Amino acid sequence: MKRWAMGFLTAGLVLSVLGCGGDSKKAVESKIHVGLVFDVGGLGDKSFNDSAHQGLLRARDELGVSFVYLEPGEGSDREEALRMMATGDADIIFGIGFLFTDDITNVANEFPDKKFACVDYAVKDDSPLPENLAAIKFREEEGSFLAGALAAMVSKTDAVGFIGGMEGALIRKFEKGFAAGARHIRPGIRVLVNYAGVTGAAFKNPSMGKELALAQYDSGADIIFHASGGTGLGVFEAARSRDLLAIGVDSDQWGEAPGHVLTSVLKRVDVAVFKVIQRTLNDDFPQGIQIFGLADGAVSLVIDKNNRQWITPEVEQRLRALENEIVKGIIKVPSS
C-alpha cells in the first residue's frame, strides 16, 4: 500500500490513486470502501496507529472491504484529509485519535450521506453527535489498573513511573488507572508522573521520552509505563540503557526492547475498527458513543512466553482475579 504526505493532497491528487487495501479485483467487488486518516505519528508507530491498520487489514481479509488511508501533518491537514475522503468513494471514514474530534464533527455534518467514526472521540455533554458519526471510546483505565498492579507486584524499589504524551483527559485515564492499580497492591508505593508536552507533538518525541524515563529511573523507579505513542520509543531506549523495565501500550511492544518489557496494555483499536466496519457492512451502523473495555476483550494485558519470568502462575492468577472484579464492578477504577 502507498503512503502519501499531505503536501501531495493539496496539489490535487485524486483519492482513487492513493492505493487500496487489496488487489484491484477485490476493490471492485467490495461492498463498502473504507477511508482512514491516521493520528499524529502515522503508520509505523508500533502502537496506536498500527493497531488501527491491523483492523483495516482484518476487515479486508475477513469481510472483503477495500480501503485507503492518509497520514496528515498538523492542524488543518486533518480536516482536509477527512473532507478529501468524504468527496471520494469512501462509504465510512475513520479519524484515529481525539485530535480529530472537532474536524470529524464538522465534516460529518457537511456530508450527511457518508458515515464517520472517530477513535477516542472527545464527547462534549452539550453537543449532540451527528447521526452519521460513531464515537469510539475505550476504558483505558481498566487495562492500566492491571498494569499498575503488576508493576507493584514486580517492583523491587517501591517506586514506579508513568510517562504520558500530550497531557489531557484521555492520557490521564491511563495515568490514574495505573496509579490506582499500583496502590491497590502496595498502598505506599511511589508513582512518578511526567508528560511530554501539551500538543500533539508530544506523541512523537522519542528524545523527550528517553530524557523523562532516565530521570524517573534515576529517581528510583524500576518500571515505567508509557502512554505516549512514538515518544515511548525513547522510554524503551532508556529501559535498555539502565537495564530496567518498561510497559508498552496499545500494541504488544516487546520487540522494542526484548528482555526489558514487562508487558503491554493492549488497547485494541483494531477490534473497534473491525467491529464498526462489520456493523456498517451489515446495515447496522453504530451511531453514537461506543465504549470498549475489558469485558469486550478490547483492553487487556499481554501475558505470554516472553514475560513469564515476571508473570508467574501465581501472579497471573492474581491479575485474573482483579480483572474479574473490575468486570463485575467490584473494583471501581478511576478515570480522572
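The values are calculated or read from the model by the stated rules, or taken from the named source; none is laboratory data. It should be emphasised that the depicted structure is a prediction, and the values quoted were computed from it without experimental measurement. Ideal geometry is used to build each Cβ from the backbone, glycine not excepted, and the neighbour counts take in all protein chains shown. To get the accessible areas, we keep the full protein, side chains included, count just its heavy atoms, and leave off ligands, DNA and RNA. Shrake-Rupley method; radii C 1.70, N 1.55, O 1.52, S 1.80 Å.
Before moving on, here are some points about what is shown:
- The chain, accessible surface, carbon-and-sulfur percent (1.4 angstrom probe): 48 percent
- Cα centre as origin, Lys/Arg/Asp/Glu Cβ charges: the chain dipole, Debye: 760 debye
- Among Ala227, Ala239, Phe178 the positive-end extreme of the charge dipole of segment 175-258 (Cβ point charges): Phe178
- Residues considered: Ile291, Ile136, Ile93. Largest GNM mean-square fluctuation over the chain, using C-alpha springs under 10 Å, is found at Ile291.
- Dipole in debye (nearest 20) - segment 185-323, about Cα centre, beta carbon charges: Lys, Arg +1; Asp, Glu -1: 180 debye
- Cβ charges +1 (Lys, Arg) and -1 (Asp, Glu), total dipole of segment 92-234, debye: 480 debye
- Computed log₁₀ I(q)/I(0) - Debye formula, equal Cα scatterers, no solvent, the chain, q 0.07, 0.12, 0.13 Å⁻¹: -0.28, -0.81, -0.94
- The length gained by stretching the chain between Ser241 and Asp158 to full extension, at 0.36 nm per residue less their Cα-Cα distance, is 27.8 nm.
- Crossing angle, helix 206-218 versus the chain [Cα axis fit, 0-90 degrees, rounded to tens]: 20 degrees
- Dipole of segment 57-132, positive direction: furthest Cα of Leu82, Ile93, Ser127, with charges on the beta-carbon: Ile93
- Computed E for Glu314/Arg183 - FRET, C-beta separation, R0 22 angstrom, nearest 0.05: 0.60
- Alpha-carbon centroids, segment 243-261 and segment 290-316: separation in whole Å: 14 Å
- From its DSSP helices (H runs of at least four residues, each -39,500 (n - 2.57)), the chain gives a residue-normalised ellipticity at 222 nm of -12000 deg cm²/dmol.
- Averaged per residue, segment 230-307 has 35 square angstrom of accessible surface, using a 1.4 angstrom probe with ligands and nucleic acids left out.
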